[in-house]
Structure formats: structure tokens, C-alpha cells
1. Is one or more of the residues making up the stretch 163-183 at pLDDT 80 or above, in contact with a Gly (Cβ under 6 Å, 6 or more places away or on another chain) and open to solvent by 30 Å² or more (accessible area, probe 1.4 Å)?
2. So which residues in the stretch 409-448 are under 20 Å from LEU332 (Cα atoms), modelled with pLDDT under 90 and surrounded by 18 or more Cβ atoms within 10 Å (Cβ to Cβ), if there are any at all?
3. Is the stretch 303-317 home to any residue that is over 30 Å from ALA157 (Cα atoms) and part of a helix (DSSP H, G or I)?
4. Mind checking whether some residue in the stretch 25-33 is at pLDDT 75 or above, surrounded by 19 or more Cβ atoms within 10 Å (Cβ to Cβ) and not aliphatic (A, V, I, L, M)?
5. Return yes when PHE341 is within 26 Å of VAL162 (Cβ to Cβ) and either in contact with a Leu (Cβ under 7 Å, 6 or more places away or on another chain) or of a type outside the set (Ser, Thr, Tyr) (or both) and no when it is not.
6. In the stretch 253-305, which residues are aliphatic (A, V, I, L, M), within 17 Å of the chain's Cα centre (by Cα) and open to solvent by 50 Å² or more (accessible area, probe 1.4 Å)?
7. Write out, first by first residue and then by second, each pair whose Cβ atoms fall under 8 Å of each other, whose residues are 6+ apart or on separate chains, and whose first residue, in the stretch 395-408, is closer than 23 Å to PHE263 by Cβ and open to solvent by less than 40 Å² (accessible area, probe 1.4 Å) while the second is modelled with pLDDT of 80 or more and not in a helix (DSSP H, G or I).
8. Condition test on TYR327, is it touching a Lys or Arg at 6+ places or on another chain (Cβ under 9 Å) and assigned to a helix (DSSP H, G or I)?
Amino acid sequence: MNERNAPTLDDAPTLDGATAPATAGPRRPRVHYAWVVAAVSLLVLLGSAGFRSTPGLMMDALHNEFGWSMATISSATSVNLALYGLTAPFAAALMDRFGVRLVVVCALLTISVGAGLTMLMREPWQLVLCWGVLVGLGSGSMAGAFATTVTGRWFRARQGLVTGVLTAAGAAGNLVFLPVGAWLVEQHGWRSAVVVVSLAASAVAVPVLLLMRERPADLGLLPYGATEAPPAPAPTGGALARSLRVLRDSARSRAFWLLAGSFAICGATTAGLVGTHFIPAAHDHGLPVTTAASLLALIGVFDVVGTIASGWFTDRFDSRLLLVVYYALRGLSLLLLPQLFAGSLEPPILAFVIFYGLDWVATVPPTVALCRRHFGEDAPIVFGWVLACHQVGAAVVAGLAGLVRDAFGDYDLAWYAAGALCAVAVLLCLALGANREDRPDRTVAALS
């Protein structure tokens with residue numbers, strides 16, 4: 001189907017995205033197609049989060065059936081996490097070269113094939129190949145670079161809010177899929193969960209194929225909230241070469257290293273430490289594992305609220321100062337955490353869960369906004385590299401915190417060190433400096 005002749009929600013575009021019939025008559029407001037693209041993107045990211053959460057549900061089942069050690073099974077998850085971060089900048093370049101729709105559909109089908117093939121595996125290397133490599137590459141292609149690309153192309157107003165909503169989809173996907181996946185594994189075995197993932201990935205590809213469009217200009221529209229057409233995209237070379245070229249050029253910028261360093265600390269103090277070690281740390285203090293797991297899931301609930309709110313704030317306030325506030329509050333909560341653990345569910349630990357959950361990935365919308373303001377059209381690829389640093393920080397601290405537990409018998413030093421790291425992140429964000437480019441455009445903000 002020719003993209004310019006594709007069915008749209010618009011008869012004739014107006015500057016704000018509302019449309020009117022081509023014939024004379026009263027104007028009727030219509031939904032800008034940017035919201036359709038955002039809804040499809042939300043569905044993709046919800047599914048992607050659910051796909052990534054499945055290996056943790058299968059670990060005991062795989063151990064019992066095949067006799068593989070937990071370390072062996074975990075190696076597949078480690079490969080998955082590494083590729084999830086490292087794929088992002090290359091996926092952003094591929095989206096520029098070949099289109100968002102083609103890359104996302106291929107990524108979803110790669111996940112479907114990778115998950116489906118695990119039903120036939122007999123050796124550990126097959127798990128690493130299927131779930132580590134294939135699912136890792138597929139899910140990494142739909143990481144932060146995807147949301148950054150979509151919001152950058154389709155929105156001028158409400159960019160921060162939409163970025164926040166799409167980022168929150170990760171937490172929401174886990175909340176939806178984890179209980180369902182756990183029930184499937186318990187009642188019908190791990191293969192049933194694998195089948196659901198494989199079929200779901202293929203099903204999500206259908207609305208992407210039918211409804212996703214590359215740019216507003218393909219439908220004769222302006223980006224949502226824009227008053228003039230953006231410049232035509234410049235021709236790009238090979239995706240690999242462009243990703244590396246953007247890394248080389250951005251690495252010459254002080255802003256890149258400040259953003260990468262602060263976001264590495266973000267990964268270290270969320271997925272690396274709390275996401276990996278909160279449950280065993282709480283259990284060390286006598287809290288039942290099931291209760292600790294429920295608290296971690298509750299963090300995800302408040303993460304959705306906090307990230308959407310952060311997107312709204314990003315449209316209105318200096319992104320640099322938002323990051324300063326977020327990292328300062330996160331550091332304070334981590335410094336207090338060792339004193340909040342107890343052998344039963346008490347109000348102080350619930351207060352931590354709510355407070356920390358609101359801050360979990362609230363850093364993403366302002367970090368994306370700063371990448372966009374400092375690096376322009378290259379922002380999706382730059383954010384991909386910044387996201388890779390996030391995953392490296394998470395991986396390093398996940399291992400170091402385990403060493404701290406083995407050496408000292410508790411996690412207290414890890415929590416205190418994480419609080420200190422957040423103080424470093426505050427300094428890095430302050431070092432970005434305040435200038436006009438770091439402040440949201442008030443004209444655009446007023447439209448939102």
C-alpha cells in the first residue's frame with residue numbers, strides 16, 4: 001500500500017493536527033495521527049517488557065527439567081541484558097535507514113522465532129542462542145531509541161509526556177505479564193509461557209504493519225503541535241557506520257559524557273541494585289520472599305505514575321534541574337533503606353516503595369529531552385548509546401552488590417555506596433550547565 005494513500009483519520013490537515021472535510025461545511029476536530037502511532041508504539045513496548053520478563057519465570061522449571069545450574073541459566077539472561085543495551089543505538093540508525101515499521105516488525109518476528117525455538121532446546125547453548133541472542137536483539141531493537149524516534153518525528157508539543165507514557169509501558173508490561181506468566185508456568189509448564197510469548201510477538205507485529213507510519217509528511221501532516229514542516233531528513237549511509245560515526249562525534253562533547261555517566265548511575269541504582277538485590281536483601285532481614293516480591297512489583301506500579309508525571313514535568317521545566325532533584329531524592333531514599341527493613345511489612349518500607357517507585361525511571365524523559373536538545377536529529381542514536389551505558393552500569397553493580405553480600409553478610413555497604421553514586425549523578429547533571437537550549441520551548445509547552 002502506498003503510504004501517501006494509506007487510510008488516515010484526516011481529510012485535510014491543519015496546523016495543529018485537526019482536520020476539516022474537503023468539502024465546505026462546519027469544521028469537525030479529528031484525532032491527529034500522531035496519537036495512533038503513539039498507541040501502536042505503546043502496545044509494542046508493553047509486549048517487549050513482557051517478553052524480557054519471561055526468563056526469570058522459567059529458571060526453576062528449567063533447572064528441574066534439565067538439571068542446569070542457575071548460573072548457566074542466568075548466562076542467557078546476562079547476554080539478553082547486554083544485547084538489549086548495545087542494540088539500541090544501531091536499531092535507531094536502522095530505523096532512519098530502513099524505516100521504523102520494517103525494523104520493529106523484524107524485531108518482533110525475531111523474538112517470536114527465538115522464543116518458539118526454545119521449545120526444541122536440549123543444551124544450555126541453545127538457551128543462550130534463543131533467549132539470549134535472538135530475544136535480546138529483538139527486544140533491544142525496541143528499547144529507548146524506538147520511543148525517542150517516534151516522539152521526535154511525530155510530536156512537537158507534549159514530547160516529554162508521550163516519552164514518559166511510552167517509558168512507563170515497560171513497567172506496565174511487567175505488571176501485566178509477570179502474574180500471567182507465573183500462572184502459566186505453574187499450571188501448564190514453562191513451554192506454555194514460551195508459546196504465549198511467541199504468539200504475542202507475532203500478533204503485535206500486525207498492528208505495526210497496518211498502522212505504523214514513518215513520518216507525518218507521509219500523510220500530508222505536520223508533527224503534532226508544529227506550525228511549520230520540519231526539514232527533510234538528510235540521506236544517511238550504512239546503519240553501522242552511522243551509529244559509530246554518531247558515537248565518535250558525540251563523544252567529543254562534554255554533554256555526552258555527563259549524560260552517559262549519570263544514566264549509568266541510574267542503571268546501577270535501579271535495575272542493577274534494587275531490581276536484582278531488593279528481594280534477597282529484604283529476606284536477609286526476615287521478610288518472606290513472596291512479600292518482598294510483591295513490594296518490588298508495587299514499585300513498578302508507582303513507577304508508571306512517576307514516569308508519566310516526569311514526562312509532563314519535562315515539557316514545562318528545565319530537564320537538567322529535574323534530573324538533579326530525581327537523583328538527590330533517590331540517593332536519600334537508598335541511604336535510609338538499611339534502617340527501613342524489618343521482618344514484617346511495616347509502614348516505613350511501604351513508604352520507601354512508594355517514594356522510590358515514583359523515581360524509578362523518572363529520569364528517562366528529561367534525559368531524552370537533553371539528548372534531543374544537545375544532539376538534534378542524532379538524538380535517538382545518542383540516547384541509544386547513553387542507554388547502553390545505563391545497562392553497563394546495571395550489570396556492573398549487580399555483580400558488585402553480590403560480592404558485597406558475600407564479603408560482609410549483608411547489603412548495607414551496597415545501599416550506602418548507591419546513595420553516594422546518586423550524589424555523583426547530581427554533580428554530573430549540574431555540570432551540564434544551564435543555557436537556553438536546556439530549557440523547554442515555552443511556545444511548545446503552552447500548546448500542551
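The values are calculated or read from the model by the stated rules, or taken from the named source; none is laboratory data. Bear in mind that the values here come from a model prediction, so they are computed numbers and not experimental data. FYI the Cβ positions are ideal-geometry reconstructions off the backbone, even for glycines, and counts take in every protein chain you see. For the accessible areas, the whole protein counts, side chains as well, though only heavy atoms, and no ligand, DNA or RNA atoms are used. Shrake-Rupley method; radii C 1.70, N 1.55, O 1.52, S 1.80 Å.
1. no
2. TYR411, the sole residue that qualifies.
3. no
4. For the stretch 25-33, residues at pLDDT 75 or above, surrounded by 19 or more Cβ atoms within 10 Å (Cβ to Cβ) and not aliphatic (A, V, I, L, M): present.
5. Against the criterion (within 26 Å of VAL162 (Cβ to Cβ) and either in contact with a Leu (Cβ under 7 Å, 6 or more places away or on another chain) or of a type outside the set (Ser, Thr, Tyr) (or both)), PHE341 does not qualify.
6. Matches in the stretch 253-305: VAL301, VAL305.
7. Here the result reads VAL397/LEU273; ALA398/LEU273; ALA401/LEU273; ALA401/TYR411; VAL404/TYR411, each pair linking the stretch 395-408 to a residue that is modelled with pLDDT of 80 or more and not in a helix (DSSP H, G or I).
8. So TYR327 does not fit the description; no.
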